[in-house]
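Trainee: This is the structure I have questions about; it appears just below.
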Amino acid sequence: MSLFEDESKEIHHFPTHPAFLCPVEIRDMEEYGPGHKGVFALENIAYGTKFWVWTHRVVKIHHEELEKYIETNIGNTDENIDAMQLFLRKGFVLPPSKNGTGKKDHYFYSNPYDADDL
């Protein structure tokens, strides 16, 4: 859909791309390796705008269980190095916040149902 098309009649399935609240597109990011992608906003996002929401799709993995999770779900071998790199690149950790959330957060978060997996 172009910038000038009327999207009022467009059917939106939440989330259009996993949990994004603003229009985004997924682009190949070959500079990070084959199969890697990036998320890009299609319009300027004002400071303070909420652009993503947490959903049940995000998997929480304690850092002490991360290696076991990778071994079980991806395979921890040289043949699976690209899949491991992609999994880790899609994940994130939460920094400490002003209200204390994340202060003792020892978890790796992953969305295994990322936009390229839908």
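Trainee: For residue 37, only one of the following conditions fails: (1) closer than 21 Å to residue 83 by Cβ; (2) more than 12 Å from the chain's Cα centre (by Cα); (3) of a type outside the set (A, V, I, L, M, F, W, C). What is its number?
Mentor: Unmet for residue 37, out of (1) closer than 21 Å to residue 83 by Cβ; (2) more than 12 Å from the chain's Cα centre (by Cα); (3) of a type outside the set (A, V, I, L, M, F, W, C): (2).
Trainee: Could you tell me how many of the residues in the stretch 47-80 are within 18 Å of residue 112 (Cβ to Cβ) and part of a loop (DSSP other than H, G, I, E, B)? Step through it out loud before you land on a result.
Mentor: Pass one, the stretch 47-80, residues within 18 Å of residue 112 (Cβ to Cβ): 52-63, 65-76, 80.
Filter once more, so that each one left must be part of a loop (DSSP other than H, G, I, E, B): 53-58, 74-76.
So the answer is 9.
Trainee: Using the structure shown, decide if residue 44 is touching a helix residue (DSSP H, G or I) at 6+ places or on another chain (Cβ under 7 Å), over 13 Å from residue 110 (Cα atoms) and in a loop (DSSP other than H, G, I, E, B). So that I can check it myself, show each step before the final result.
Mentor: Values: touching a helix residue (DSSP H, G or I) at 6+ places or on another chain (Cβ under 7 Å): no; over 13 Å from residue 110 (Cα atoms): yes; in a loop (DSSP other than H, G, I, E, B): yes.
Spelling it out, it is not the case that residue 44 is touching a helix residue (DSSP H, G or I) at 6+ places or on another chain (Cβ under 7 Å), over 13 Å from residue 110 (Cα atoms) and in a loop (DSSP other than H, G, I, E, B).
Since every read-out is calculated from the coordinates, none of them should be taken as a lab result. Predicted model, so just to flag it, every value in this text is computed and none were measured. Heads up, the Cβs are rebuilt from the backbone with ideal geometry, glycines too, and the neighbour counts pull from every protein chain shown.
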